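Here is the structure we will look at, set down as structure tokens.
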Amino acid sequence: MRTLLAYYSFSGTTKKLCEQLKAECDIEEIKELTKRSKLRAIIGCAAAISVKGSAISSIASDVKRYEKIVLACPIWAGHLAPAGVAFLHKAELAGKDVSVIAVSSSGADCTEAVKKAFAASGANMAAVYSVKNTDKPDFAWVR
């Protein structure tokens with residue numbers, strides 16, 4: 001089974017977590033077209049709450065080739081960061097099962113907030129794994 005792990009990382013924490021999985025799956029970084037400053041990240045929290053996506057670069061991977069899609073993304077103000085929302089809409093995931101690794105400082109369950117991001121994407125939310133950004137999580141479920 002081929003797995004694609006697409007991730008967005010503002011501070012590098014989510015990237016560090018995802019790089020542990022390079023041997024297990026194909027990995028793609030989601031990049032915003034405009035680099036965020038810390039101030040723009042704070043403003044991005046309002047976009048996250050409103051479930052608005054940001055401008056991201058093209059998706060390099062052909063998602064149709066993958067049986068399993070995993071999106072790893074930070075949680076801002078209790079919601080999926082705008083780049084993660086943009087990936088859900090831009091990657092043509094209609095009908096695909098997508099799991100989410102939600103990375104936050106609290107590790108709190110954010111399943112309901114993530115559901116909002118999936119609502120208009122056409123993708124099926126398979127699972128949400130809330131991860132505290134200081135933990136070393138067990139990613140066995142990705143395999």
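The values are calculated or read from the model by the stated rules, or taken from the named source; none is laboratory data. What you see is a predicted model; the values in this text were computed from it and never measured. No Cβ is skipped: glycine too gets one built from the backbone with ideal geometry, and neighbour counts run over all protein chains shown.
Within region 61-79, does at least one residue satisfy the condition of being in contact (Cβ under 8 Å) with a residue 12 or more places away in the chain, out of contact with any helix residue (DSSP H, G or I) (no Cβ under 7 Å at 6 or more places or on another chain) and under 15 Å from Phe10 (Cα atoms)?
Yes - at least one qualifying residue is present in region 61-79.
Determine whether Ile101 is touching a strand residue (DSSP E or B) at 6+ places or on another chain (Cβ under 7 Å) and over 21 Å from Lys15 (Cα atoms).
no
(1) closer than 23 Å to Arg36 by Cα; (2) under 14 Å from the mean Cα position of the chain (by Cα): which one isn't true of Val70, the others all being true?
Of the numbered conditions (1) closer than 23 Å to Arg36 by Cα; (2) under 14 Å from the mean Cα position of the chain (by Cα), the odd one out for Val70 is (1).
Which residues, counting only those in region 22-48, are touching a strand residue (DSSP E or B) at 6+ places or on another chain (Cβ under 6 Å), at pLDDT below 90 and closer than 20 Å to Ser99 by Cα?
Cys25, Ala48 - these are the residues of region 22-48 that are touching a strand residue (DSSP E or B) at 6+ places or on another chain (Cβ under 6 Å), at pLDDT below 90 and closer than 20 Å to Ser99 by Cα.
From the list Arg40, Arg2, which one is touching a helix residue (DSSP H, G or I) at 6+ places or on another chain (Cβ under 7 Å), of a type in the set (D, E, K, R) and over 19 Å from Ser130 (Cα atoms)?
Among Arg40, Arg2, only Arg2 is touching a helix residue (DSSP H, G or I) at 6+ places or on another chain (Cβ under 7 Å), of a type in the set (D, E, K, R) and over 19 Å from Ser130 (Cα atoms).
Where the second residue is of a type in the set (S, T, N, Q) and the first is touching a residue at least 60 places away in the same chain (Cβ under 8 Å) and lies in region 118-135, which pairs have Cβ atoms under 7 Å and are six or more apart or on separate chains?
Asn133/Thr13; Asn133/Ser104; Asn133/Ser105
Which of the helices (runs of 4 or more DSSP H) contained wholly in region 1-117 include at least 1 residues that are surrounded by fewer than 15 Cβ atoms within 10 Å (Cβ to Cβ)?
Output list reads 13-19, 38-49.
Can you name the residue in region 23-39 that is within 18 Å of the chain's Cα centre (by Cα) and without any contact (Cβ under 8 Å) to a residue 24 or more places away in the chain and is also nearest to Ser54 (Cα to Cα) among such residues?
Of the residues in region 23-39, the ones within 18 Å of the chain's Cα centre (by Cα) are 24-36.
Remaining after also requiring without any contact (Cβ under 8 Å) to a residue 24 or more places away in the chain: 27, 29, 34-35.
Numbers: Ile27: 20, Glu29: 15, Thr34: 9, Lys35: 11 Å.
Here the residue is Thr34.
Name the residue, out of Ser105, Ser50, that is out of contact with any helix residue (DSSP H, G or I) (no Cβ under 7 Å at 6 or more places or on another chain) and within 19 Å of Cys18 (Cβ to Cβ).
Ser105
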